[in-house]
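Report on one structure; see the data block that follows.
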Amino acid sequence: MSSNTNIRTRIILGLTSAVVLALSRATAADSYKIDPAHTSLNFSIRHMGVSNVKGHFDAFAGSLVLDHGSIKEASGMVQVKSVNTGMERRDSHLRSPDFFDVAKYPEIRFKTKRVEQRGERTVLIADFTMRGVTKEMRLPVTLSGPIKDPQGTTRIGLEGRTTLNRKDYGIQFNGVMETGGLMLGEEVAIEIDAEATKQGPATAENQ
């Protein structure tokens, strides 16, 4: 066999290996969809410096792309009008221009820019958009699973905890107490406890 034939053979084998590797990587990524029935998006804020007022959102959607068991991408959307603190009068105030201004800014959005691995903890670095302001958010998360439910659906769990300053997003409203202290804190704690179901191989369309 001539040297030219050997070279051509090596090139063909190299290209074949590259194609096989690319295909294996492409099929390794799977798309998951957040299951609202088994997911909660909670928040809390300090009230008068003595207690925490807690709430959650009832309407939201989200998706994840996992590659070999690790998060590659994540995105989410919250319908802000679904805010629920268990008191309608307070919720109506939260929907007003003093706070979320739902009529003008109906959605909160989250979209990853990159993912970092810190030991066993995954950190999602994302654009977080609320009340028309987009800032970078770092959201540490922990994955659980995958497991198969009784219906044969593959599920994963995701837990995330972070804080944000509401004033960074234009939510300036506050009240002053007789003692001179403020009614509301600036830091808002966010807790995500989610389940997501496997939809199939991730493609450019469903990413």
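The residues of region 165-185 that are buried (at least 18 other Cβ atoms within 10 Å of the Cβ) and either of a type in the set (Val, Ile, Thr) or at pLDDT 95 or above (or both), listed by number, are Arg166, Tyr169, Ile171.
Within region 125-135, the presence of a residue that is modelled with pLDDT under 95, basic (Lys, Arg) and surrounded by 15 or more Cβ atoms within 10 Å (Cβ to Cβ) is excluded. Considering only residues in region 104-124 that are surrounded by fewer than 13 Cβ atoms within 10 Å (Cβ to Cβ) and within 17 Å of the chain's Cα centre (by Cα), the one that is nearest to Leu158 (Cα to Cα) turns out to be Arg121.
Looking across region 34-72, the residues that are in a strand (DSSP E or B) and among the β-branched types (Val, Ile, Thr) come down to Ile34, Ile45, Val53, Val65, Ile71. For region 61-83, the candidate set comprises residues that are surrounded by 17 or more Cβ atoms within 10 Å (Cβ to Cβ) and polar (S, T, N, Q); within that set, the residue that is farthest from the chain's Cα centre (by Cα) is Ser63. In this structure, Val188 does not satisfy being closer than 20 Å to Phe60 by Cα and exposed (fewer than 13 other Cβ atoms within 10 Å of the Cβ).
Set side by side, the residues Asp35, Asp30, Asp58, Asp101 differ, and just one is surrounded by fewer than 18 Cβ atoms within 10 Å (Cβ to Cβ), touching a residue at least 60 places away in the same chain (Cβ under 8 Å) and out of contact with any His (no Cβ under 7 Å at 6 or more places or on another chain), which is Asp35.
The values are calculated or read from the model by the stated rules, or taken from the named source; none is laboratory data. Bear in mind the structure is a predicted one, so any value in this text is a computation, not a measurement. Backbone-built Cβ (ideal geometry, glycine too); neighbour counts: all protein chains shown.
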